Each structure stands twice: as structure tokens, then as C-alpha cells.
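Data block below; observations after.
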Amino acid sequence: KLFDELEKGEVDGVPATARTFFRWMAENNPDNVMSIRLKILEFVLYAEQIAYKKGGMTYHFSSRQDYLPTIMALDGLDALRDWFLNKMGHACQNILRKREEKAGSIIEMAEGYIKENFHRDISLDEVSRTVNISPYYFSKIFKEGTGKNFIEYLTNIRIERAKELLSTTEYSMKEICALCGYADPNYFSRSFKKNVGVTPTEYKHA
């Protein structure tokens, strides 16, 4: 459970689970402090290995040379627990930052693709394939990153373009529909009124 939460970057779950695990060790092995020292070192090294692979943590040959002397010098279970929680939390934060950076890059790519192709009949599946992630994960991070789900975001782009065309051109309603990705003028009119408050015709002549 602890390493599963770590890989997901769950910054609230990792400290709680790590604390629970340490409490279990302390309660069941109060006289075997050396084993506790070794176990927390083992867990921290494995957590950092995950951070090297999945996060942005950079491996340096000598960066952990003080780990063993430090945990051997720590006096008491409270000090060992604090060191353990600190290291686990740091590894988790590193993974989370990397995930957020990656998600941000994916969202930027998706937004660019949508803005270039909104005039076509594009779908969430098509955009998720373009950014090379699953539709489920794409839907999740896109909503988190933009505040809108895919359909809401696409509709907003289309409606804003329609408003621009209605205000600055003499295109027919059918032409504007096609330029904004709508195949059905009636559906376009309903969507426009729902989002703008007036029909396309009313907006054009306002």
C-alpha cells in the first residue's frame, strides 16, 4: 500500500501509511531497534529508487552516504520515525511534481490540438491518442488542469469562434456551423443559445 501510494504521488496518504507502518514495527518489535533501523533504510532506498525512475529525482553516487551513519546515530524511536517520514515524504513530493509537470505538458499539447482541429468532428479518444495516454487518464487530468471537461472546453472554443464570425463576417449560418465544427444548424443554434443566452441570429443583429 505504501509504495502504491508513493507511485501515485499521494502526498497525504504516504505519510499516514508510513506512520502506521512505523507504529506497527515499534509496537511489535520494541526491543529490536536495529531491525527497525534496517527496515526504514530499506524502505527509503526503495522509495527513492521509485523516485529516480518515475519522478524527477536525480541519482548521485554519493548522495546517500550519510544515511547509514545518520540512522545509527539517531537516539530513540521518535527520531527514527521522523527521519523515515521525512525521507518518504520527500520522495513522494518529487514524484508528484514530476507527474504535475508531465500533466501540464500533456494539457498544453491537447489544448493546441483542439484549437487547431475544433472545426472537425474530434473526440476525446482522438485527442487522448494524440497525446499518447488513456482516455480515462486524459479526461481526469484535463478536467483538473483546465477546470472544464473535454466537451465543455471544445464547446467553448467553438462558440467563441462562432461569436467572432457572426460579428466580423457575412458568412451564412450554415457556413459558420461548418467552420465551427457543427454539422447540424439546429444543434448549433441550441448550443449557442445555451452558452451565450441568445440565438446566433439575435447575437449577429444585436
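How long are the semi-axes of the equivalent ellipsoid of the stretch 27-123, taking √(5λ) for every eigenvalue λ of the Cα gyration tensor, in whole Å from largest down? Walk me through the intermediate numbers first.
Numbers: eigenvalues 376, 38, 16 Å².
For the stretch 27-123, the ellipsoid semi-axes come out as 43, 14, 9 Å.
When the expected Rg is taken as 2.2 N^0.38 Å, what fraction or multiple of it is the alpha-carbon Rg of the stretch 40-94? Write out the running numbers ahead of the final one.
Values: Rg = 11.4 Å, N = 55, 2.2 N^0.38 = 10.1 Å.
So the stretch 40-94 has a normalised radius of gyration of 1.13.
At a temperature of 4 °C and a viscosity of 1.567 mPa s, determine how fast the stretch 98-206 diffuses translationally according to Stokes-Einstein, using the Kirkwood radius over alpha-carbon pairs as Rh; express D in µm²/s, rounded to the nearest whole number. Intermediate values should be presented prior to the final figure.
On the way: Rh = 14.7 Å.
Estimated via Stokes-Einstein, D reaches 88 µm²/s.
Exposed loop sites, defined as trypsin sites (Lys or Arg not before Pro) outside DSSP H, G, I, E and B with at most 15 other Cβ atoms within 10 Å, are absent from the longest region of the chain, namely 2-63. Membrane-span-like helices in the chain (whole DSSP H runs, Cα extent of at least 18 Å along the helix axis, mean Kyte-Doolittle hydropathy of at least 0.0): 33-54.
Strictly over 21 Å apart at the Cα level, which of 8/148; 174/204; 1/53; 53/102; 163/193 would you flag in this model?
8/148
Here the stretch 76-133 yields Rg over Rh of 1.39, to two decimals, using C-alpha coordinates and the Kirkwood radius.
Computed on the chain, with alpha-carbon pairs under 8 angstrom and 6+ residues apart, the relative contact order is 18 percent.
Using the Kirkwood radius over Cα pairs, work out the Stokes-Einstein diffusion coefficient for the chain at 10 °C and 1.306 mPa s, in µm²/s as a whole number.
Details: Rh = 21.0 Å.
Approximately 76 µm²/s, per Stokes-Einstein.
Only the coordinates and a few stated rules stand behind these numbers; no lab work does. It should be emphasised that the depicted structure is a prediction, and the values quoted were computed from it without experimental measurement. Note: ideal-geometry Cβ built from the backbone for every residue, glycine included; neighbour counts use all protein chains shown.
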